[in-house]
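Single-structure report; data block below.
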Amino acid sequence: MSNSKVVVVTGVSSGIGRVTAEKFTRLGCLVFGTVRNTAKAQSIPGVVLIEMDIRDEASVQHGIQTIIDQAGRIDVLVNSAGVTLLGSTEETSIAEAQSLFDTNVFGILRTTQAVLPHMRAQRSGRIVNISSVLGFLPAPYMGLYSASKHAVEGMSETLDHEVRKFGIRVVLVEPSFTRTSLDLNAPHAASKISVYDDERDEVLRAIEKNVQGAPEPDGVAATIVDAALGAWKMRRTPKGEASLLSKLRRFMPAGPVDASLRKTFGLV
């Protein structure tokens, strides 16, 4: 195992992060998966679980140092941990928006800043940030989630320019709807404004339908592994809907893209 890639995947308790960690282990990588509470987490064969709360600076620094103490290096960081939030932009409180960004944006910033000194010292590394097609598309009633993913995209592209001279590259993976509990169990904005009720309910039903009909996380996980270990490419969209949406956004006029998006979310 001494020549194996050392991979850190955040948020391996379930969903995309868990399946991704499993795929890395099958390739012979030495995999560390982060969870908020190791006592409550389900074990993953071949994955070393590390307790880390990406919302807490001290927790992140301690977790990354623990991995360095055990493995001596980190070759790949996959920032998979994330949360979502449903509700109109007007209904979303500043506190709710701050909490969302604390995980989806500042969580990535914390883990990245903790890992970079080690990657710079070894003159190599790959950071894979899990964004979303909502990092380049709007999403009615998921405005702050979409905003957080837009922020991840801007930060990732900029960071890649800053660290490539150290042999480090940054990659974005942009999934579409995936059959996980993230959206089905998503918290809702606490405040409700009645004028949005009918349309919000339509969107929530559309999201539930799309998630239930979406592919399992395996395809996204395979894209993440390829992004981490394969030739560098700034953006990776998993095959299927995500790849199609990426092409539509680039090549189709704004009107048809807008109409298609509204239809997807159940809006007339």
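The values are calculated or read from the model by the stated rules, or taken from the named source; none is laboratory data. Quantities reported herein were computed from a predicted structural model and do not represent experimental measurements. Heads up, the Cβs are rebuilt from the backbone with ideal geometry, glycines too, and the neighbour counts pull from every protein chain shown. Each accessible area value is taken on the protein alone, full model and side chains, heavy atoms only, with ligands, DNA and RNA left out. Shrake-Rupley method; radii C 1.70, N 1.55, O 1.52, S 1.80 Å.
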> Of all residues in region 226-241, which are under 20 Å from LEU159 (Cα atoms) and surrounded by 19 or more Cβ atoms within 10 Å (Cβ to Cβ)?
Replying inline: ALA227, ALA228, ARG236, THR237
> So which pairs qualify, if the first residue must be in region 192-209 and at negative phi, the second must be assigned to a helix (DSSP H, G or I) and of a type outside the set (Val, Ile, Thr), the Cβ gap must be under 7 Å, and the two must be at least 6 apart or on different chains?
Replying inline: ILE207/ASP183; GLU208/LEU184
> So how many residues does region 1-40 have that are outside any loop (DSSP other than H, G, I, E, B), open to solvent by less than 30 Å² (accessible area, probe 1.4 Å) and among the polar types (S, T, N, Q)?
Replying inline: 3
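Only one of these is assigned to a helix (DSSP H, G or I) and buried (at least 17 other Cβ atoms within 10 Å of the Cβ): LEU244, LEU204. Name it.
Sole residue among the options that is assigned to a helix (DSSP H, G or I) and buried (at least 17 other Cβ atoms within 10 Å of the Cβ): LEU204.
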> Can you find even one residue in region 231-241 that is in a helix (DSSP H, G or I), out of contact with any helix residue (DSSP H, G or I) (no Cβ under 7 Å at 6 or more places or on another chain), of a type outside the set (D, E, K, R) and touching a residue at least 40 places away in the same chain (Cβ under 8 Å)?
Replying inline: no
> When region 111-125 is examined, which residues are found to be open to solvent by 30 Å² or more (accessible area, probe 1.4 Å), at negative phi and not small (Gly, Ala, Ser)?
Replying inline: GLN113, PRO117, HIS118, ARG120, GLN122
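Residue-by-condition table, conditions (1) surrounded by 22 or more Cβ atoms within 10 Å (Cβ to Cβ); (2) aliphatic (A, V, I, L, M); (3) outside any helix (DSSP H, G or I); (4) free of Cβ contacts under 8 Å to residues at least 60 places away in the same chain:
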{"position": "LEU109", "(1), (2), (3), (4)": "no, yes, no, yes"}
{"position": "ILE127", "(1), (2), (3), (4)": "yes, yes, yes, yes"}
{"position": "PRO138", "(1), (2), (3), (4)": "no, no, yes, no"}
{"position": "VAL163", "(1), (2), (3), (4)": "no, yes, no, yes"}
{"position": "ALA186", "(1), (2), (3), (4)": "no, yes, yes, no"}
>> Here is a check on your reading of the model: is ASP218 open to solvent by 40 Å² or more (accessible area, probe 1.4 Å), at pLDDT 90 or above, charged (D, E, K, R) and farther than 30 Å from GLU90 by Cα?
In response: yes
> How many residues does region 165-184 hold that are assigned to a helix (DSSP H, G or I) and at pLDDT 95 or above?
Replying inline: 2
> Just one of ARG179, ARG169 is open to solvent by 10 Å² or more (accessible area, probe 1.4 Å) and within 20 Å of LEU245 (Cα to Cα); which is it?
Replying inline: ARG179
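Working only within region 92-107, note down all residues that are more than 19 Å from GLY11 (Cα to Cα) and without any contact (Cβ under 8 Å) to a residue 60 or more places away in the chain. Lay out the reasoning, then the answer.
Step one: of region 92-107, the residues more than 19 Å from GLY11 (Cα to Cα) are 92-98.
Matches in region 92-107: ILE94, ALA95, ALA97, GLN98.
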> In region 66-87, is there at least one residue being closer than 30 Å to ALA190 by Cβ, part of a loop (DSSP other than H, G, I, E, B) and without any contact (Cβ under 8 Å) to a residue 60 or more places away in the chain?
Replying inline: no
